[in-house]
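The values are calculated or read from the model by the stated rules, or taken from the named source; none is laboratory data. Quantities reported herein were computed from a predicted structural model and do not represent experimental measurements. For neighbour counting, all protein chains shown are included, and Cβ atoms are generated from backbone atoms with ideal geometry for every residue, glycine included. Just the protein is used for accessible areas: all its heavy atoms, side chains included, with ligands, DNA and RNA removed. Shrake-Rupley method; radii C 1.70, N 1.55, O 1.52, S 1.80 Å.
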Amino acid sequence: MSHVVEITRVAVKPGEEDALVADRPAMLKAFARDRSGFRGAYLTRLDGGDWLDIVLWETAADADASHDKGPNLPEIGAFFSHIAELKSMEHANVVHVPGVEHLEPGQAPGVGS
């Protein structure tokens, strides 16, 4: 099964960056309860001020179904309310998930000193 990464670039409303981050955990918990195929997400801030929300889905259909739901729960709506502009969104098929095959002994997180 191939997973799908959704990469969304947004601008956040001025002065609402801390609120966006504060509302993130509740939004992710709501996604985990409500969105089929949701596997996790990273929220990143670019040097130029834009943000990337990088979401892992089991399938493209799961990502599409999530879009159809929109901000259907209060926790999701609260997070989305801080977004000023959706700049771009795209999906990419995951073709390789890195493992530990390239690491030397003791390099893996939590192993060695």
Can you tell me which residue in segment 44-58 is farthest from HIS96 (Cα to Cα), limited to those that are open to solvent by 50 Å² or more (accessible area, probe 1.4 Å) and over 14 Å from the mean Cα position of the chain (by Cα)?
GLY48
Working only within segment 21-42, note down all residues that are without any contact (Cβ under 8 Å) to a residue 24 or more places away in the chain and open to solvent by less than 40 Å² (accessible area, probe 1.4 Å).
GLY40, ALA41
For segment 27-67, name all the residues that are of a type in the set (Val, Ile, Thr) and either touching a Phe, Trp or Tyr at 6+ places or on another chain (Cβ under 8 Å) or farther than 16 Å from SER2 by Cβ (or both).
THR44, ILE54, VAL55
Note on LEU43: of the conditions (1) touching a Lys or Arg at 6+ places or on another chain (Cβ under 8 Å); (2) modelled with pLDDT under 95, unmet is (2)
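Report yes if some residue within segment 33-48 is among the aliphatic types (A, V, I, L, M), part of a loop (DSSP other than H, G, I, E, B) and closer than 16 Å to SER88 by Cα; otherwise report no. Before the answer, list the steps.
Applying the first criterion (among the aliphatic types (A, V, I, L, M)) to segment 33-48 yields 41, 43, 46.
Now restrict to residues that are part of a loop (DSSP other than H, G, I, E, B): 46.
Narrowing the set further to residues that are closer than 16 Å to SER88 by Cα leaves 46.
Yes: segment 33-48 contains one or more residues that are among the aliphatic types (A, V, I, L, M), part of a loop (DSSP other than H, G, I, E, B) and closer than 16 Å to SER88 by Cα.
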Suppose we filter GLU6, GLU90 for residues that are touching a strand residue (DSSP E or B) at 6+ places or on another chain (Cβ under 9 Å), open to solvent by 90 Å² or more (accessible area, probe 1.4 Å) and part of a strand (DSSP E or B); which single one remains?
GLU90
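Residue-wise test of (1) surrounded by 11 or more Cβ atoms within 10 Å (Cβ to Cβ); (2) aliphatic (A, V, I, L, M); (3) modelled with pLDDT under 95.
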{"site": "PRO71", "(1), (2), (3)": "yes, no, no"}
{"site": "ILE76", "(1), (2), (3)": "yes, yes, no"}
{"site": "PHE80", "(1), (2), (3)": "yes, no, no"}
{"site": "VAL95", "(1), (2), (3)": "no, yes, yes"}
{"site": "GLY99", "(1), (2), (3)": "no, no, yes"}
{"site": "GLY106", "(1), (2), (3)": "no, no, yes"}
{"site": "GLY110", "(1), (2), (3)": "no, no, yes"}
